[in-house]
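Each remark here refers to the structure printed beneath this line.
The values are calculated or read from the model by the stated rules, or taken from the named source; none is laboratory data. Keep in mind the model is a prediction, meaning the values are calculated, not measured. When we count neighbours, we look across all protein chains shown, and the Cβ atoms used for this are built from the backbone with ideal geometry, even at glycine.
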Amino acid sequence: MNRLDPATELIDLHIHVGGAVAPHILWSIAHEHGFKLPVKDYWEFCDLISASPDKVSSLGDYLAILHQWTEKIQSSPHAIERSVYEIIGKEYRSSRVTAIELRFNPMKRNLEGERDLDHLIHAAVRGMERAMLEYSCRAGLVFCLAREFDYDLNEIIVRKAEKYAHRGVIGIDVAGPEQHGIEFGTDVDAYRELFARARAAGLGTTVHTGETSHTAAPGVLAVIEHLRPSRIGHGVAAAESEEAMAKLCESGIVLEICPSSNLRTRAVADLAELGTILRRFDERGVRYTINTDGPYLLDTHLRGEFDMLLAGGLLTPSGATRCIETARASTFLR
Ligand SMILES: [Zn+2]
């Protein structure tokens, strides 16, 4: 069988609010708020916010769509509440996702300080709780620190995650352009301390790395050494390095693989290369999960990601089950 059983309940550990809201919802939010758009037609708007292959061929192109449009449209308490609410319901309806870790950077939703962060966070929690009640699913928020932010801004995000731990915020992440470096320049000790603080507050920790040639396997190794996260977003570049794979196994770190995202940003050349990477992880015992990253931006959903890998022979049915079990075992949801 090269498709998942429709009754299988799924769990998504890596999905960004900025890439997961349906275009018609963003269109509606933009109009409700009088957001100035460069297009007047809905279909032109769909083109503007989609990461179609003719527009996106790198992580930079992909992040630019989030930065220019979706994050700005989502920059109000009402907009983030509706976004979070709509995503959780849609992931349940499209893929029977019954547990979801939804990530976003609250400081990329506050219009550089014009909006109050606590209001935004409370609104996101409200949207999440409403969807959890309607769909009987489990959900939690992960706050993304940004590579391109100064330490002081990232410290505020961790402070907010600590404040809202046990109130719906379950972890922290680091995202953003990899050319800013995983060592965080001279601030490496400060970031190590921030991650330790998050762990002490009971928060889960994950870091985007190993997604482009800017970091590659040395990036994965540096993240393991300095930040000791319990999971890594993507990390596909670890397959180039025996040392990186051994360290992932030793430290029990779980990878959040996002197949369509890696194909679109050219982190991997094609499905065959992704297949080689997953085989290498299986042989070395590196644990990994399958996720969406940005389902609307990439025109996919979690069930579609599994079906693509099953149909292409990259996963066997038992391998797919193992990925789902690994996700259940490594979720920050309690
Ligand atoms: Zn991501």
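Suppose we filter the stretch 200-212 for residues that are touching a Lys or Arg at 6+ places or on another chain (Cβ under 8 Å) and assigned to a helix (DSSP H, G or I); how many remain?
So the count comes out to 0.
Taking the conditions exactly as written (buried (at least 23 other Cβ atoms within 10 Å of the Cβ) and of a type in the set (Asp, Glu)), does ASP12 satisfy them or not? Steps first, answer last, please.
Details: buried (at least 23 other Cβ atoms within 10 Å of the Cβ): yes; of a type in the set (Asp, Glu): yes.
For ASP12, the condition - buried (at least 23 other Cβ atoms within 10 Å of the Cβ) and of a type in the set (Asp, Glu) - is met.
How many residues are crowded, with 19+ Cβ neighbours inside 10 Å and polar (S, T, N, Q) if we restrict to the stretch 111-147?
0
Could you please find all residues in the stretch 285-310 being farther than 22 Å from LEU248 by Cβ, in a loop (DSSP other than H, G, I, E, B) and out of contact with any strand residue (DSSP E or B) (no Cβ under 6 Å at 6 or more places or on another chain)?
The answer is PRO295, TYR296, LEU297, LEU298, ASP299, THR300, HIS301.
Of all residues in the stretch 276-334, which are among the acidic types (Asp, Glu), under 16 Å from the mean Cα position of the chain (by Cα) and at pLDDT 95 or above?
First pass over the stretch 276-334, keeping only residues among the acidic types (Asp, Glu): 282-283, 293, 299, 305, 307, 325.
If we keep only those that are under 16 Å from the mean Cα position of the chain (by Cα) as well, we get 293, 299, 305.
If the condition is that a residue be among the acidic types (Asp, Glu), under 16 Å from the mean Cα position of the chain (by Cα) and at pLDDT 95 or above, then ASP293, GLU305 are the ones that fit.
Looking only at the stretch 15-59, filter to residues that are assigned to a loop (DSSP other than H, G, I, E, B), among the aliphatic types (A, V, I, L, M) and surrounded by fewer than 19 Cβ atoms within 10 Å (Cβ to Cβ); which one of those is nearest to the ligand (Cβ to nearest atom)? Walk me through it before giving the result.
Of the stretch 15-59, the ones assigned to a loop (DSSP other than H, G, I, E, B) are 20-22, 33-41, 50-58.
After this cut, where a residue has to be among the aliphatic types (A, V, I, L, M) as well, the list is 20-22, 37, 39, 51, 56.
From the residues that got through so far, the ones that are surrounded by fewer than 19 Cβ atoms within 10 Å (Cβ to Cβ) too are 22, 37, 39.
Numbers: ALA22: 19, LEU37: 25, VAL39: 26 Å.
Among residues in the stretch 15-59 that are assigned to a loop (DSSP other than H, G, I, E, B), among the aliphatic types (A, V, I, L, M) and surrounded by fewer than 19 Cβ atoms within 10 Å (Cβ to Cβ), the one nearest to the ligand (Cβ to nearest atom) is ALA22.
When only residues in the stretch 187-218 that are buried (at least 20 other Cβ atoms within 10 Å of the Cβ) and out of contact with any helix residue (DSSP H, G or I) (no Cβ under 7 Å at 6 or more places or on another chain) count, which is farthest from ILE157 (Cα to Cα)?
Top of the filtered list is HIS208.
Is it the case that some residue within the stretch 183-199 is within 16 Å of the ligand (Cβ to nearest atom) and either at positive phi or out of contact with any His (no Cβ under 7 Å at 6 or more places or on another chain) (or both)?
First, the residues of the stretch 183-199 that are within 16 Å of the ligand (Cβ to nearest atom): none.
For the stretch 183-199, residues within 16 Å of the ligand (Cβ to nearest atom) and either at positive phi or out of contact with any His (no Cβ under 7 Å at 6 or more places or on another chain) (or both): absent.
Among the numbered conditions (1) within 24 Å of ALA329 (Cα to Cα); (2) polar (S, T, N, Q); (3) buried (at least 23 other Cβ atoms within 10 Å of the Cβ), tell me where SER251 comes up short.
(3)
Looking at the structure I just gave you, is ILE224 of a type in the set (Val, Ile, Thr), assigned to a helix (DSSP H, G or I) and surrounded by 15 or more Cβ atoms within 10 Å (Cβ to Cβ)? It would help to see each step written out before you state the result.
On the way: of a type in the set (Val, Ile, Thr): yes; assigned to a helix (DSSP H, G or I): yes; surrounded by 15 or more Cβ atoms within 10 Å (Cβ to Cβ): yes.
Yes; evaluated as a whole, the condition is true for this residue.
What's the total number of residues in the stretch 60-75 that are closer than 17 Å to GLY294 by Cα and either in a loop (DSSP other than H, G, I, E, B) or modelled with pLDDT of 90 or more (or both)? Spell out the reasoning first.
Applying the first criterion (closer than 17 Å to GLY294 by Cα) to the stretch 60-75 yields 60-74.
Among the residues that remain, those that are also either in a loop (DSSP other than H, G, I, E, B) or modelled with pLDDT of 90 or more (or both) are: 69-74.
Residues that pass the stated criteria total 6.
Filtering the stretch 261-273 down to residues that are away from the ligand (no atom under 16 Å from the Cβ) and aliphatic (A, V, I, L, M), which residue is farthest from THR316 (Cα to Cα)?
Keep residues of the stretch 261-273 that are away from the ligand (no atom under 16 Å from the Cβ), which gives 269-273.
The next check asks that each one be aliphatic (A, V, I, L, M); those that pass are 269, 271-272.
Working: ALA269: 21, LEU271: 15, ALA272: 15 Å.
Within the stretch 261-273, the match that is farthest from THR316 (Cα to Cα) is ALA269.
For GLU211, which of the numbered conditions (1) within 15 Å of the ligand (Cβ to nearest atom); (2) modelled with pLDDT under 95; (3) more than 24 Å from ILE170 (Cβ to Cβ) fails to hold?
(3)
Mind listing just one residue for me: the one in the stretch 246-260 that is charged (D, E, K, R) and in a helix (DSSP H, G or I) and, of those, farthest from the ligand (Cβ to nearest atom)?
Here is the first cut: in the stretch 246-260, the ones charged (D, E, K, R) are 247, 250, 256.
Next cut, in a helix (DSSP H, G or I) only: 247, 250.
Details: LYS247: 21, GLU250: 24 Å.
Residue satisfying both the conditions and the ranking: GLU250.
Could you tell me how many of the residues in the stretch 105-163 are part of a helix (DSSP H, G or I), more than 18 Å from GLY176 (Cα to Cα) and of a type in the set (Ser, Thr, Tyr)? Spell out the reasoning first.
In the first step, residues of the stretch 105-163 are kept if they are part of a helix (DSSP H, G or I); the result is 106-108, 117-135, 151-163.
Filter once more, so that each one left must be more than 18 Å from GLY176 (Cα to Cα): 117-135, 159-163.
Filter once more, so that each one left must be of a type in the set (Ser, Thr, Tyr): 135.
Counting residues in the stretch 105-163 that are part of a helix (DSSP H, G or I), more than 18 Å from GLY176 (Cα to Cα) and of a type in the set (Ser, Thr, Tyr) gives 1.
Any residue in the stretch 289-318 that is at positive phi sitting within a Cβ distance under 6 Å of a residue that is not in a loop (DSSP other than H, G, I, E, B)? List the pairs, counting only those 6 or more apart or interchain.
What qualifies is ASP293/HIS14; ASP293/SER261.
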